[in-house]
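Enquirer: This is the structure I have questions about; it appears just below.
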There are 2 protein chains.
Amino acid sequence: MENEKAFVRHFFQVGVPQSEKLDIIAQHFHEKLIDKHDHLLNEGKISQEYLLLESGFMRAYSLDTEGNEVTTAFYGAGQPVFDVASFFMRTPAKESIQALAPCSGWVISFEELNKLFHSIPEFREVGRGILVKGYASLKLRMQSMITETAETRYAMLLQTNPEIFRQAPLKHIASYLGITDSSLSRIRREISRQHK
Amino acid sequence: MENEKAFVRHFFQVGVPQSEKLDIIAQHFHEKLIDKHDHLLNEGKISQEYLLLESGFMRAYSLDTEGNEVTTAFYGAGQPVFDVASFFMRTPAKESIQALAPCSGWVISFEELNKLFHSIPEFREVGRGILVKGYASLKLRMQSMITETAETRYAMLLQTNPEIFRQAPLKHIASYLGITDSSLSRIRREISRQHK
DNA sequence: AGCACTTCTTGCCAAATGACAAGTGGATTA
DNA sequence: TAATCCACTTGTCATTTGGCAAGAAGTGCT
């Protein structure tokens, strides 16, 4: 049996308990390696691959009207990585997805994923859950952006996602938090002063 | 025939062309009227109703840590209205949904909606499309929050969703834009000066 | 009509953040 | 090794925004 795809099977095991169905699901995923700094998706292209990231670290980013990069998401091992709008609506992506470390994972195409959704009800429930959770966390982030200061947002990110700070340069984290890298640097100085 | 449910049928007609399937779908929706200022959903409750708004105007809002209301969404006629996370994950809602004008529409329960999703593939495609579009527009809003000034966000909202300004008080619009009502007032003054 | 309440504006000042430029140290590369 | 680039910090100053309080105008209720 394809024991190399243990990661894929494990990922869906809670939602799809039956081993035979897990087999079918796992069959449709293919291994994917991405070098550091390489892209899974480029702005303007249509997202073709739904990736389950087994190891490594990635980020999504887009360009604002002045051409500055804005990091919109970070992805660690164990997370699904794809551009929701581009992948499901088959429209050109408004952002790029890039590896910040050497990455390995498993991909499936839109057509294959849809086939599985149609043939395995539990699998499409998992798929919907992934969408809904992404939606919910984006909403939380928006809420935090509106109601909290940059310093609080920084402190919370550091507490809840410390791995981001080990893998991403501060300028990416700054734009993710909605501030400039200078401001982030000042915030860090203030916090380090308080901790003396 | 249930011609009173023409709105529901029309809503799904593009995604579900077959009249017999539209019949089945329409059968599962029930009429709902909401008085001005009344709630479709209260924070802490589990969202039970997926609403298609036929007429009226609504908003979603939550409370920040200091107890201030933050408006997170506006809904006009023709839009689906529900708390994605609460409805699909069956968890307590983090926000409330309130009518800003007398509303009428059509609701379906989680169980009934799921039944339809499982039995009518085209219908679940429409359902996914609604989710994905909501996700995409929330992402756009986050991008705008990060890269644009409050004045630009105001100007764009006024241009793209002028109906909001006819139906919602400025304080709701302000928190939706991520600023205080005082700041919004100042922004409006500056813009009106420029237009002289 | 009268009263309370809400909405919106405005002024004043403080705090947060941005823009720009310079400088340091580390990593990479020719 | 030298040159270059990148990440991060820091300083200065301008701009944006918030907090707070007051007031005008409109709305709704009794």
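Enquirer: For segment B:160-174, give me each residue that is within 14 Å of chain A (Cβ to nearest Cβ) and within 13 Å of DNA strand D (Cβ to nearest atom).
Expert: B:171, B:173, B:174, listed by residue number.
Enquirer: Now a separate question. Quick one: residue B:63 ticks every box in (1) away from chain A (no Cβ under 13 Å); (2) on the phi < 0 side of the Ramachandran plot except a single one, so which number is it?
Expert: Exception for residue B:63: condition (1).
Enquirer: Right, another one. Taking segment A:158-196 only, how many residues are more than 13 Å from DNA strand C (Cβ to nearest atom), farther than 25 Å from residue A:67 by Cβ and aliphatic (A, V, I, L, M)?
Expert: Number of matching residues: 1.
Enquirer: Looking at segment B:83-128 only, could you name the residues that are in a helix (DSSP H, G or I) and either closer than 21 Å to residue B:45 by Cα or within 15 Å of the chain's Cα centre (by Cα) (or both)? I'd like the intermediate steps shown before the answer.
Expert: As a first pass, look at segment B:83-128 and keep what is in a helix (DSSP H, G or I): B:84-89, B:110-119, B:121-128.
Scanning segment B:83-128 gives B:84, B:85, B:86, B:87, B:88, B:89, B:110, B:111, B:112, B:113, B:114, B:127.
Enquirer: In addition: Within segment B:153-162, identify whether any single residue is in a loop (DSSP other than H, G, I, E, B) and surrounded by fewer than 19 Cβ atoms within 10 Å (Cβ to Cβ), and answer yes or no.
Expert: Within segment B:153-162, one or more residues are in a loop (DSSP other than H, G, I, E, B) and surrounded by fewer than 19 Cβ atoms within 10 Å (Cβ to Cβ).
Enquirer: Regarding residue A:26, is this residue in the same structural domain as residue A:127 (by TED's automatic domain parsing), out of contact with any helix residue (DSSP H, G or I) (no Cβ under 9 Å at 6 or more places or on another chain) and free of Cβ contacts under 8 Å to residues at least 40 places away in the same chain?
Expert: Values: in the same structural domain as residue A:127 (by TED's automatic domain parsing): yes; out of contact with any helix residue (DSSP H, G or I) (no Cβ under 9 Å at 6 or more places or on another chain): no; free of Cβ contacts under 8 Å to residues at least 40 places away in the same chain: yes.
So residue A:26 fails the test.
Enquirer: I would also like to ask the following. Are there any pairs, at least 6 apart or on different chains, whose C-beta atoms fall under 6 Å, with the first in segment B:122-148 and within 7 Å of chain A (Cβ to nearest Cβ) and the second aromatic (Phe, Trp, Tyr) and assigned to a helix (DSSP H, G or I), and if so, which?
Expert: Taking only residues 6 or more apart or on different chains, the pairs are B:132/A:88; B:135/A:135.
Enquirer: When you look at residue A:116, is it away from chain B (no Cβ under 12 Å) and within 16 Å of DNA strand C (Cβ to nearest atom), yes or no?
Expert: No; evaluated as a whole, the condition is false for this residue.
Enquirer: Filtering segment A:175-191 down to residues that are surrounded by fewer than 16 Cβ atoms within 10 Å (Cβ to Cβ) and touching a residue at least 24 places away in the same chain (Cβ under 8 Å), which residue is nearest to DNA strand D (Cβ to nearest atom)?
Expert: A:188
The values are calculated or read from the model by the stated rules, or taken from the named source; none is laboratory data. Bear in mind that the values here come from a model prediction, so they are computed numbers and not experimental data. Virtual Cβ from ideal backbone geometry, glycine too; neighbours counted across all protein chains shown.
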